[in-house]
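Trainee: Okay, here's the structure, questions in a sec.
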Amino acid sequence: MAPSGSRSIKRGCQRVLYWIPVLFIALIVAWSYYAYVLQLCIVVYLLVYHVIFIMFVWAYWQTIFTKPMNPLKEFHLSHSDKELLEREDRGESQQEILRRIAKDLPIYTRTNSGAIRFCDRCQLLKPDRCHHCSVCDKCILKMDHHCPWVNNCVGFANYKFFMLFLLYSLLYCLFITATDLQYFIKFWTNGLPDTQAKFHILFLFFSASMFSVSLASLFIYHCWLVCKNRSTLEAVRSPVFRHGTDKNGFSLGFSKNFRQVFGDEVKYWPIPVFSSLGDGCSFPTCLVNLDPEQPSSPTGSNPANKSAAEGRQFPSKPLRESQSRLLTSTPSWSENETATDKDRKGASNPGMTIENEA
């Protein structure tokens with residue numbers, strides 16, 4: 001077994017290596033700024049360029065440095081539950097314990113075998129759409145993927161920022177390509193003076209063009225995911241509910257799917273500030289097939305954001321299509337609790353609710 005000093009050195013080296021892709025992108029962006037602003041110095045385009053540049057850098061910064069959200073403490077096993085689970089050596093007995101713990105939590109997805117989704121590393125019951133990241137070594141709420149270009153997990157906390165990063169980086173590359181094209185043509189027709197700017201014009205055009213192609217395909221793919229309300233992991237492997245696999249289990253229609261990521265207020269959509277709906281631990285669903293464990297009278301709604309989740313109860317059960325309030329024109333979530341919700345909360349069965357902490 002390697003000494004603890006060697007392990008810490010190894011982890012330190014890995015952390016340094018993980019930042020290399022981010023440093024590469026930062027250097028490319030810094031050079032593009034120098035080449036465009038100081039070498040080309042196209043005064044007419046500089047205002048638009050700087051607006052796109054600032055939004056691109058802002059979104060990229062938010063994607064990198066926004067910490068992924070982890071499951072709330074209600075999903076972690078208590079000390080007594082851990083001891084009870086460790087004493088059981090049979091898988092079925094352990095599943096009985098996990099089912100007992102999960103019955104009061106808003107957990108509706110299962111493993112392919114129908115078992116409760118449990119993380120041995122984090123010792124917690126995984127909320128819906130939550131997955132363990134092997135790089136971060138922790139469970140990430142609504143995990144999409146771990147992106148080496150931002151050295152961070154893309155999930156519930158920063159998925160909007162990641163989408164804006166793709167959008168503004170694509171606009172940035174397209175704008176440079178379009179405005180640099182005339183000078184690129186002059187380069188090949190010997191219409192440019194023989195200065196240092198010739199190299200920058202040539203390389204800037206090729207770099208922006210190539211990045212535009214890759215960014216466009218990635219952005220279109222994630223737009224499709226937003227429209228379908230799926231993560232990259234869910235697109236590869238559909239979520240499994242009690243009634244079986246359902247690739248559209250979390251889809252509420254284009255409008256609500258979009259607002260779940262970008263929020264209800266249009267003014268915040270293009271800005272890299274958090275405005276996504278929900279708390280990341282529970283998501284509205286519409287189960288088409290009947291669920292024997294689902295109550296006949298649907299109640300509950302998703303909290304609007306993490307800060308508003310204090311003192312709230314988790315939603316009851318996912319709604320069937322014939323009952324779903326999520327398919328009406330009125331959003332199933334809101335930023336402020338109504339008096340009716342508060343009254344219902346006070347009268348609800350305490351055995352079926354738990355307190356959320358922000």
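Trainee: Output the peptides 57-64, 265-272, 123-130 sorted from most to least packed, where packing is the average of other Cβ atoms within 10 Å over each peptide's residues.
Mentor: Final packing ranking: 123-130, 57-64, 265-272.
Trainee: Could you please put His76, His50 in sequence from largest to smallest accessible area, using a 1.4 Å probe?
Mentor: His76, His50
Trainee: Looking at this model, which pairs from Lys10/Lys103; Lys126/Lys228; Lys67/Lys228 are more than 30 angstrom apart at the alpha-carbon?
Mentor: On the way: Lys10/Lys103 41 Å; Lys126/Lys228 22 Å; Lys67/Lys228 25 Å.
Result: Lys10/Lys103 exceed 30 Å.
Trainee: Right, here's the next one. Hey, what's the range 73-126 come to in accessible area per residue, 1.4 Å probe, Å²?
Mentor: Spelled out: the 1.4 Å probe surface of the range 73-126, per residue, equals 57 Å².
Trainee: Please give the peptides 258-264, 182-188 ranked by average Cβ packing (other Cβ atoms within 10 Å per residue), highest first, as a rough proxy for protection. Spell out each step's value before the answer.
Mentor: On the way: 258-264: 19.3, 182-188: 14.4.
Packing proxy ranking, top to bottom: 258-264, 182-188.
Trainee: Let me cross-check Thr66: its accessible surface, 1.4 Å probe, with only protein heavy atoms counted, in Å² to the nearest 10?
Mentor: Accessible area, nearest 10 Å²: 30 Å².
Trainee: Summarise the accessible area of the range 13-94 (1.4 Å probe, protein heavy atoms) by the percent that is carbon and sulfur.
Mentor: Ligands and nucleic acids excluded, carbon and sulfur give 68 percent.
Trainee: Still on this structure: Relative contact order of the range 125-233: what whole-number percent is it, with Cα pairs under 8 angstrom and at least 6 residues apart?
Mentor: 23
Trainee: Contact order normalised by length for the range 73-126, with contacts defined as Cα pairs under 8 Å and 6 or more residues apart; what percent is it? All intermediate terms of the calculation are to be shown ahead of the outcome.
Mentor: Details: 37 pairs, mean separation 22.9, N = 54.
With pairs under 8 Å counted, the relative contact order is 42 percent.
Trainee: Keeping all protein chains in position, work out how much accessible area Ser78 exposes to a 1.4 Å probe, and write it in Å² to the nearest 10.
Mentor: Spelled out: Ser78, probe radius 1.4 Å, area about 50 Å².
Trainee: With every protein chain present, what accessible area does Glu83 have (1.4 Å probe, heavy atoms only), rounded to the nearest 10 Å²?
Mentor: For Glu83, the solvent-accessible surface is approximately 80 Å².
The values are calculated or read from the model by the stated rules, or taken from the named source; none is laboratory data. Every value quoted in this text rests on a predicted model; they were computed, and no experiment measured them. Here Cβ is always computed from backbone atoms with ideal geometry, including for glycine, and neighbour counts include all displayed protein chains. Ligands, DNA and RNA are excluded from the accessible area calculation, which covers all protein heavy atoms including side chains. Shrake-Rupley method; radii C 1.70, N 1.55, O 1.52, S 1.80 Å.
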